[in-house]
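Have a look at the structure below before the remarks.
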Amino acid sequence: MVDTAQTDERIKEISPLRKALIRPELGGIVGTIAVFVLFLLFASDSGMFASQGVLNWSLVSAQFMIIAVGACLLMIAGEFDLSVGSMIGFAGMMVAVFGVVLGWPMWLTILTTFAICMAIGALNGWIVVKTGLPSFIVTLAFLFILRGFTIFIPQTIERKTIIGGIRDAAEGDWLAPIFGGKIGQPLFQWLGDIGVIDVFERGSRAGQPVVDGVPMLIVWAIALVIFGHILLTKTRFGNWIFASGGDAEAARNSGVPVNRVKILMFVFTAFCATVFATCQVMEFGSAGADRGLLKEFEAIIAVVIGGALLTGGYGSVLGAALGALIFGVVQQGLFFAGVESSLFRVFLGIILLAAVILNTYIRRIITGER
Amino acid sequence: MNTRSTHEPIIRMQNIEKHFGSVIALAGVSIEVYPGECHCLLGDNGAGKSTFIKTMSGVHKPTNGEILFGGRPMNFESPRDAMDAGIATVHQHLAMIPLMSVSRNFFMGNEPVKKVLGFNLFDHDYANKITMEEMRKMGINLRGPDQAVGTLSGGERQTVAIARAVHFGAKVLILDEPTSALGVRQTANVLATIDKVRKQDIAVVFITHNVRHAMAVGDRFTVLNRGQTLGTAQRGQITPEELQDMMAGGQEMVALEGSLGGTV
């Protein structure tokens with residue numbers, strides 16, 4: 001560490017423990033430990049921590065993580081996107097319309113969907129930046145606009161709100177497995193053979209492990225978390241994200257291209273929503289007009305549990321990932337523990353409140369406010 | 001060092017006019033600023049100080065008039081142009097981001113990068129080292145470079161902003177009312193910082209409406225009133241009372257001062 005030549009008698013020493021505690025992820029770390037301890041105590045014999053159970057809550061957590069990373073970076077840059085949920089429904093429907101109804105090759109379908117959705121994200125950002133309106137309002141408008149199209153388009157061309165047949169359309173495509181495939185099958189086969197994970201005992205898949213690979217959804221989640229974390233903490237652009245959300249005017253005065261940063265974060269959020277949607281339609285084989293409902297709030301809650309400030313300028317991608325993990329573990333854990341699933345919402349409200357209170361306290365310590 | 005009079009001015013603004021629609025904010029303002037001097041720009045609220053410094057720093061384009069920078073006519077299209085030319089502005093409130101660390105603030109917009117595995121990453125070690133060094137030079141002892149700016153006092157924040165501008169090669173440093181929200185002790189610190197900067201041959205333009213702060217560090221004084229210059233005075237040629245009167249437009253102030261018993 002840097003050795004200060006003179007010391008100031010008014011600066012109190014901060015203990016390393018306290019210093020380690022003062023970080024945005026604290027709430028997420030505490031919450032994660034609490035949640036795991038709780039379910040290990042009350043649901044350990046329910047199969048929640050057997051291989052299939054782990055896969056189950058990992059998948060749910062990974063879904064939350066994918067959209068939480070986008071929402072996190074956008075929130076730190078000082079904006080919200082309430083259209084994430086509608087974007088998920090819309091993107092899934094685009095895949096179905098291009099790939100099934102129009103019969104385009106799946107790779108072209110996926111690339112076109114990404115292009116359209118990211119363009120809509122850019123439009124969101126552009127309107128927010130140019131009009132100076134709160135992103136809350138602008139993206140609320142898009143929540144309705146996109147949801148409306150998601151219902152209107154399949155009803156008009158197919159007279160239904162669910163379009164299936166995506167799995168067949170994706171058969172043999174080179175890009176589709178990036179979203180719907182699995183990796184690590186040999187490893188899981190080996191783990192099954194040596195008895196670490198269970199294997200099917202009879203039926204056509206006898207001898208195969210019950211979990212035969214890591215779904216790409218989880219790979220995407222981990223990759224996005226790592227990318228987001230490095231982008232935020234280790235690059236120039238990350239500093240611009242913090243600055244844009246901390247005080248846009250001060251950032252502009254220092255030469256930070258605030259508008260560009262914000263628009264790019266809207267595009268990135270749309271990208272994450274599209275990854276979510278593409279993985280989902282590949283898994284389900286169909287696109288539904290009601291997909292992604294309320295996902296924008298779940299993403300925002302995960303981000304806030306992870307220590308980000310709703311007002312921008314402060315937060316952590318790792319924290320958001322932990323928030324998403326808590327989310328997934330609790331949602332599925334209550335199911336394994338045999339608790340009435342409606343109580344999940346009660347729990348969610350309580351943990352959100354606790355996280356916000358803890359985070360406000362941490363922020364006060366950091367900025368020295370009283 | 002004190003060959004100021006023979007120097008070329010680093011920046012010369014001639015007959016600057018700025019109209020906003022039907023409002024004439026500046027009606028022909030001229031000043032010259034020399035390297036190594038602290039040029040105080042005084043004026044009451046609404047005198048045109050802000051418009052004038054925004055013109056100098058590239059935010060506004062003058063309606064009429066000429067800006068010569070280092071002897072050559074300059075046309076700044078944006079604040080970025082002015083910044084690149086070496087004109088740095090430190091704003092009263094909008095200088096620092098409280099939630100970010102001192103070192104992140106210090107390098108905001110000018111982050112140093114190093115290559116790691118082919119990627120350009122923010123060089124935190126370098127940024128932290130430079131920040132601590134520069135802060136120590138200005139007489140501020142940080143707990144660490146990761147200390148949030150929010151924990152610093154108002155005067156310290158101004159000092160960080162000034163140190164940042166100097167580190168990034170400012171030739172002209174515009175300080176927009178740096179002392180107006182500060183206590184006595186903090187003001188003294190900022191004024192001392194201004195003195196340190198001036199000694200590095202940087203031209204300081206110090207905007208204030210506090211005559212005492214101006215007299216404490218100023219080499220020359222220009223008073224703005226209702227969009228016009230009332231002339232530039234050398235240190236020693238003018239008394240604080242005269243400056244105060246010029247800022248207020250003379251007469252009204254005298255009447256007021258009488259009724260307040262000379263306390264203003």
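The values are calculated or read from the model by the stated rules, or taken from the named source; none is laboratory data. Since the model is a prediction, treat every value here as computed from it, not as a measurement. Cβ sites come from the backbone with ideal geometry, for glycine too, and all protein chains shown count toward neighbours. Heavy atoms of the whole protein, side chains included, go into the accessibility calculation; ligands, DNA and RNA do not. Shrake-Rupley method; radii C 1.70, N 1.55, O 1.52, S 1.80 Å.
Based on the Cβ-Cβ distance from B:Lys115 to B:Lys199, what FRET efficiency comes out when R0 is 30 Å, to the nearest 0.05?
After rounding, the FRET efficiency stands at 0.20.
What does the average come to when, for each residue of peptide A:232-239, you count the partner chain Cβ atoms lying within 10 Å of its Cβ? Each step should come with its number before you reach the end.
On the way: counts 0, 3, 7, 6, 11, 3, 4, 13.
The mean count of partner-chain Cβ atoms within 10 Å per residue comes to 6.
Using the basic label-point model (7 angstrom from Cα toward the beta carbon), what is the A:Gln155 to B:Asn141 distance in nanometres?
7.1
Report the FRET efficiency, 1/(1 + (r/R0)^6), for B:Phe168 and A:Ile183, where r is their Cβ-Cβ distance and R0 is 45 Å, rounded to 0.05.
0.45
Amide H to amide H under 5 Å from B:Thr229: which residues, 5+ apart in sequence or cross-chain, H placed 1.01 Å off N in plane?
The answer is B:Ser30.
With the other protein chains left in place, how much accessible area per residue, in square angstrom, belongs to chain A at a 1.4 angstrom probe?
Value returned for chain A: 46 Å² of accessible area per residue.
Leaving ligands, DNA and RNA out of it, report the carbon-plus-sulfur percent of the accessible area of chain B at a 1.4 Å probe.
With neighbouring chains kept in place, the figure for chain B is 50 percent.
Percent of Cα-Cα pairs per 5 Å bin, from 0 to the last occupied bin, for the range B:97-151, please list those.
Calculated over all Cα pairs of the range B:97-151, the distribution is 4, 22, 27, 23, 14, 6, 3, 1 percent.
Before rounding to the nearest 500, sum -39500 (n - 2.57) across all DSSP H runs of length at least 4 in the protein assembly as shown and divide by the residue total; then give [θ] at 222 nm in deg cm²/dmol.
Dividing the helical sum by the residues of the protein assembly as shown leaves -17000 deg cm²/dmol.
Within 10 Å of each Cβ of A:240-249, how many other protein chain Cβ atoms are there on average?
5
Would you mind giving the total buried accessible surface between chains B and A, with a 1.4 Å probe and ligands, DNA and RNA left out, rounded to the nearest 100 Å²?
2800
Number of Lys pairs in chain B with C-alpha atoms less than 20 angstrom apart, excluding same-chain neighbours closer than eight positions?
Lysine pair count for chain B: 13.
Relative to the isolated chain, which residues of the range B:96-112 have their accessible area cut by 20 Å² or more in the presence of all protein chains (1.4 Å probe, heavy atoms, no ligands or nucleic acids)?
B:Ile97, B:Leu99, B:Met100, B:Arg104, B:Met108, B:Gly109, B:Glu111
How far, in nm, would the chain grow between A:Arg205 and A:Ala337 when pulled straight, counting 0.36 nm per residue and subtracting the alpha carbon separation?
44.7 nm
What length, rounded to one decimal in nm, is gained on full extension from A:Leu40 through to A:Glu171, with 0.36 nm per residue of separation minus their alpha-carbon distance?
The span from A:Leu40 to A:Glu171 would gain 43.2 nm if fully extended.
Over the range B:112-251, with the other protein chains present, what is the accessible area per residue in square angstrom, probe 1.4 angstrom?
45
Per residue of B:143-155, what is the mean number of Cβ atoms on other protein chains within 10 angstrom of that residue's Cβ?
So the per-residue partner count for this stretch is 4.
Which of the lysines could a cross-linker bridge to A:Lys262, judged by Cα under 16 Å and excluding same-chain residues fewer than eight apart?
Cα-Cα hits under 16 Å: A:Lys130.
Report, to the nearest 10°, how far helix B:184-198 tilts away from the longest principal axis of the Cα atoms in chain B, using its own Cα long axis and a range of 0 to 90°.
The answer is roughly 80 degrees.
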